[in-house]
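All remarks here apply to the structure that follows.
The values are calculated or read from the model by the stated rules, or taken from the named source; none is laboratory data. Just so you know, these numbers come straight off a predicted model, no measurement behind them. Ideal geometry is used to build each Cβ from the backbone, glycine not excepted, and the neighbour counts take in all protein chains shown.
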Amino acid sequence: MLVAPSILSADFGKLESEIEAICKANCDLIHVDVMDGHFVPNLTIGPVVVKSVAKVATKPLDIHLMVQNNTFFVDLFAPFKPEYITFHIEEEKHPHRLIQKIKSYGIKAGVVLNPSTNPIVIEYLIEDLDMVLLMSVNPGFGGQTFIPNVIHKAKQLKQIINDKNPNCLIEVDGGVNDKNIQALKNAGVDIVVAGSYVFNNDYQKAIQSLK
């Protein structure tokens with residue numbers, strides 16, 4: 001299991017030391033939640049902050065766009081060379097085009113599904129994807145409760161992936177902790193995003209418990 005702490009739950013007053021601490025605690029990716037106040041009712045961080053995060057981080061960035069006008073934001077964040085950029089399928093009219101745009105920057109591309117979105121809607125995208133991110137809470141805020149139906153959804157998605165693109169990874173974001181991690185692993189999940197579970201506990205112990 002790969003672990004991607006979400007810096008949405010970090011102390012932004014000492015963000016540099018927070019980034020250094022989770023990297024030292026052996027995280028695999030650093031999850032960056034970009035919200036624009038339109039697609040979701042919250043505003044988070046822009047390119048100025050992410051540029052600083054990228055300078056300090058010794059682990060790759062995993063940028064999750066929760067925005068309208070995805071193409072604009074891809075161009076904005078691609079220069080920081082994240083490992084992944086993911087965008088919400090609910091907001092994108094031309095997903096194939098956007099996937100190819102992300103890949104043209106040498107970045108791995110992924111799509112995100114809200115809790116109520118059926119994985120079948122991305123069946124014809126799977127062959128072009130490096131990752132699918134399943135939201136296990138409704139996007140917009142950290143610290144929410146895990147929606148158990150995502151376990152079944154992950155299993156359903158895993159079948160589609162096995163049929164069409166076994167190299168595509170499954171990531172789950174929202175309410176992940178040591179109580180549900182085994183069920184996620186059994187469902188075929190490869191990466192988990194953990195915000196409050198990591199940042200509200202001993203970073204190293206929390207990350208290790210998920211691994």
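Per the conditions (1) surrounded by fewer than 14 Cβ atoms within 10 Å (Cβ to Cβ); (2) touching a strand residue (DSSP E or B) at 6+ places or on another chain (Cβ under 7 Å); (3) among the small types (Gly, Ala, Ser), the sole criterion not satisfied by Ala57 is (1). Applying a threshold of 7 Å to beta carbon distances and a minimum spacing of six or more residues, or different chains, the list of pairs starting in region 11-30 at a residue that is in contact (Cβ under 8 Å) with a residue 40 or more places away in the chain and ending at one that is of a type in the set (Gly, Ala, Ser) and not in a helix (DSSP H, G or I) reads Glu18/Ala10; Cys27/Ala4; Asp28/Ala4; Leu29/Ala4.
Does Val112 meet the test of being closer than 20 Å to Leu2 by Cα, at pLDDT 95 or above and in contact with a Phe, Trp or Tyr (Cβ under 8 Å, 6 or more places away or on another chain)? Against the criterion (closer than 20 Å to Leu2 by Cα, at pLDDT 95 or above and in contact with a Phe, Trp or Tyr (Cβ under 8 Å, 6 or more places away or on another chain)), Val112 qualifies. The test for being within 26 Å of Ile22 (Cα to Cα), of a type in the set (S, T, N, Q) and surrounded by fewer than 15 Cβ atoms within 10 Å (Cβ to Cβ) holds for Gln182.
Restricting region 136-176 to residues that are assigned to a loop (DSSP other than H, G, I, E, B) and over 21 Å from Asp62 (Cβ atoms), the residue that is modelled with the lowest pLDDT is Thr145. Being buried (at least 18 other Cβ atoms within 10 Å of the Cβ), basic (Lys, Arg), in contact with a helix residue (DSSP H, G or I) (Cβ under 8 Å, 6 or more places away or on another chain) and in contact (Cβ under 8 Å) with a residue 12 or more places away in the chain holds for only one residue in Lys81, Lys51, Lys101, and it is Lys101.
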